[in-house]
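Chemist: Can you keep this structure in mind? I'll have questions shortly.
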Amino acid sequence: MEEIREEEFTIEGRNSVLEALRAGKPVDKILVQENCKDGPIQTILRECRKREIPVKMADRIRLDQKSSTGKHQGVIAYMAAYEYADVEDMLSLAATRGEPPFLFLLDGIEDPHNLGAIIRTANLAGAHGVIIPRNRAAGLTAAVARASAGALNYTPVARVTNLSRTMEELKKQGMWFACADMAGEILYRQNLTGALGLVIGNEGGGVGRLVKETCDYVVSIPMKGDIDSLNASVAAGVLAFEVVRQRMGMK
């Protein structure tokens with residue numbers, strides 16, 4: 001696979017960032033120098049609010065460290081390495097294949113390598129797409145693209161403002177949701193066939209309360225070791241291939 005370089009997906013400088021925003025480019029997040037309140041920066045912040053683009057404040061030293069040009073002018077935009085899909089695209093893909101929808105929903109996966117690995121797992125498990133939240137989560141950066149090992153070319157990823165609200169809308173279309181949690185019922189005793197969304201949380205806090213309350217099942221992976229949790233991408237793989245086993249009707 002062709003090497004993807006991080007600097008190819010950053011834009012630095014006030015005019016360049018503002019032009020990218022106004023052109024509707026897929027921006028994952030913006031890094032802005034704290035206490036900078038002049039006109040161009042305020043215009044950038046307004047555009048970000050309109051498009052619900054996450055903004056992180058940082059001091060000048062951090063911006064200097066992140067800059068590859070040395071001419072950031074107090075703002076760096078991080079672009080998506082791939083275009084985001086719509087959730088409806090995933091349902092259409094399932095319908096085209098004649099299969100019940102199978103989606104991954106990721107709650108707070110911030111590590112790009114975990115996100116890329118989960119997208120790769122989703123592709124290999126035959127999932128129709130991956131849904132991630134807009135805030136407090138990794139986006140489709142170059143690092144994610146590398147970690148996915150090409151799976152981003154084939155697996156749609158949608159980014160939504162509110163994960164639990166999206167789940168409620170999908171429930172109206174017949175989907176059920178199972179989330180991973182150590183306090184859940186043993187995975188292998190649950191019926192995971194049909195239209196299903198598999199919800200994975202981050203390693204630290206797991207699935208958030210509101211998202212968990214929206215799920216229909218809470219499932220756990222039986223473990224016998226001395227530590228109490230798996231890496232998020234490993235857990236996603238264990239859960240996903242139990243779904244595959246059941247969907248294939250294997251004993």
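The values are calculated or read from the model by the stated rules, or taken from the named source; none is laboratory data. Because the structure is predicted, anything quoted here is derived from the model rather than measured. Note: ideal-geometry Cβ built from the backbone for every residue, glycine included; neighbour counts use all protein chains shown. These area figures cover heavy atoms from the full protein model, side chains too; ligands, DNA and RNA do not enter into them. Shrake-Rupley method; radii C 1.70, N 1.55, O 1.52, S 1.80 Å.
Chemist: Only residues that are in a loop (DSSP other than H, G, I, E, B), open to solvent by less than 60 Å² (accessible area, probe 1.4 Å) and over 16 Å from Glu110 (Cβ atoms): list them for the stretch 190-222, please. Even if it seems obvious, please write down each step before you answer.
Modeler: Narrowing the stretch 190-222 to residues in a loop (DSSP other than H, G, I, E, B): 190-195, 203-205, 207-208, 215-216, 221-222.
Adding the requirement that they be open to solvent by less than 60 Å² (accessible area, probe 1.4 Å) leaves 190, 192, 194-195, 207-208, 215, 221.
Matches in the stretch 190-222: Gln190, Leu192, Gly194, Ala195, Cys215, Ile221.
Chemist: Looking only at the stretch 223-251, which residues are without any contact (Cβ under 8 Å) to a residue 40 or more places away in the chain and open to solvent by 70 Å² or more (accessible area, probe 1.4 Å)?
Modeler: At the first step, the residues of the stretch 223-251 found to be without any contact (Cβ under 8 Å) to a residue 40 or more places away in the chain are 223-227, 230, 234, 245, 248-251.
Correct list: Met223, Lys224, Asp226, Ile227, Val234, Arg245, Met248, Met250, Lys251.
Chemist: For the stretch 186-204, indicate whether the set of residues that are among the hydrophobic types (A, V, I, L, M, F, W, C), more than 25 Å from Leu124 (Cβ to Cβ) and at pLDDT 90 or above is non-empty.
Modeler: In the first step, residues of the stretch 186-204 are kept if they are among the hydrophobic types (A, V, I, L, M, F, W, C); the result is 186-187, 192, 195-196, 198-200.
Next, only the ones that are more than 25 Å from Leu124 (Cβ to Cβ) stay: none.
No - not one qualifying residue is present in the stretch 186-204.
Chemist: Can you pull out every residue in the stretch 223-237 that is outside any loop (DSSP other than H, G, I, E, B) and touching a strand residue (DSSP E or B) at 6+ places or on another chain (Cβ under 9 Å)?
Modeler: First, pick out the residues of the stretch 223-237 that are outside any loop (DSSP other than H, G, I, E, B): 232-237.
Those that are outside any loop (DSSP other than H, G, I, E, B) and touching a strand residue (DSSP E or B) at 6+ places or on another chain (Cβ under 9 Å): Ala232, Ser233, Ala235, Ala236.
Chemist: Let me ask something additional. Just checking, which of Leu196, Leu210, Leu192, Leu187 is touching a residue at least 40 places away in the same chain (Cβ under 8 Å) and out of contact with any strand residue (DSSP E or B) (no Cβ under 9 Å at 6 or more places or on another chain)? Spell out how you get there, then give the answer.
Modeler: On the way: Leu196 fails: out of contact with any strand residue (DSSP E or B) (no Cβ under 9 Å at 6 or more places or on another chain); Leu192 fails: out of contact with any strand residue (DSSP E or B) (no Cβ under 9 Å at 6 or more places or on another chain); Leu187 fails: out of contact with any strand residue (DSSP E or B) (no Cβ under 9 Å at 6 or more places or on another chain).
Just a single option satisfies the conditions, and that option is Leu210.
Chemist: If Trp176 satisfies every condition in (1) open to solvent by less than 20 Å² (accessible area, probe 1.4 Å); (2) in contact with a strand residue (DSSP E or B) (Cβ under 7 Å, 6 or more places away or on another chain) but one, which is the exception?
Modeler: (1) is the only condition that Trp176 fails.
Chemist: For residues that are at pLDDT 95 or above and in a loop (DSSP other than H, G, I, E, B), scanning just the stretch 127-136, find the one that is surrounded by the most Cβ atoms within 10 Å (Cβ to Cβ).
Modeler: Ranking the candidates gives Ala127 first.
Chemist: I'm checking my understanding of the structure. Among residues of the stretch 137-155 that are open to solvent by less than 20 Å² (accessible area, probe 1.4 Å) and part of a loop (DSSP other than H, G, I, E, B), which one is nearest to Glu110 (Cα to Cα)? Break it down into steps so the answer makes sense when it comes.
Modeler: The first filter runs over the stretch 137-155 and keeps only residues open to solvent by less than 20 Å² (accessible area, probe 1.4 Å), leaving 138-140, 142-145, 148, 150-152, 155.
Of the ones still in play, those that are also part of a loop (DSSP other than H, G, I, E, B) are 138-140, 148, 150, 155.
Working: Ala138: 4, Gly139: 8, Leu140: 11, Ser148: 15, Gly150: 20, Thr155: 19 Å.
Of everything passing the filter in the stretch 137-155, Ala138 is nearest to Glu110 (Cα to Cα).
Chemist: Can I ask one more? Given the criterion closer than 29 Å to Arg49 by Cβ, part of a helix (DSSP H, G or I) and under 14 Å from the mean Cα position of the chain (by Cα), identify the matching residue among Leu170, Leu115. Outline the logic, then answer.
Modeler: Values: Leu170 fails: under 14 Å from the mean Cα position of the chain (by Cα).
Selected residue: Leu115, the only one of Leu170, Leu115 that is closer than 29 Å to Arg49 by Cβ, part of a helix (DSSP H, G or I) and under 14 Å from the mean Cα position of the chain (by Cα).
Chemist: Taking the condition hydroxyl-bearing (Ser, Thr, Tyr), under 22 Å from Gly129 (Cβ atoms) and open to solvent by less than 30 Å² (accessible area, probe 1.4 Å), does Ser164 pass?
Modeler: Yes.
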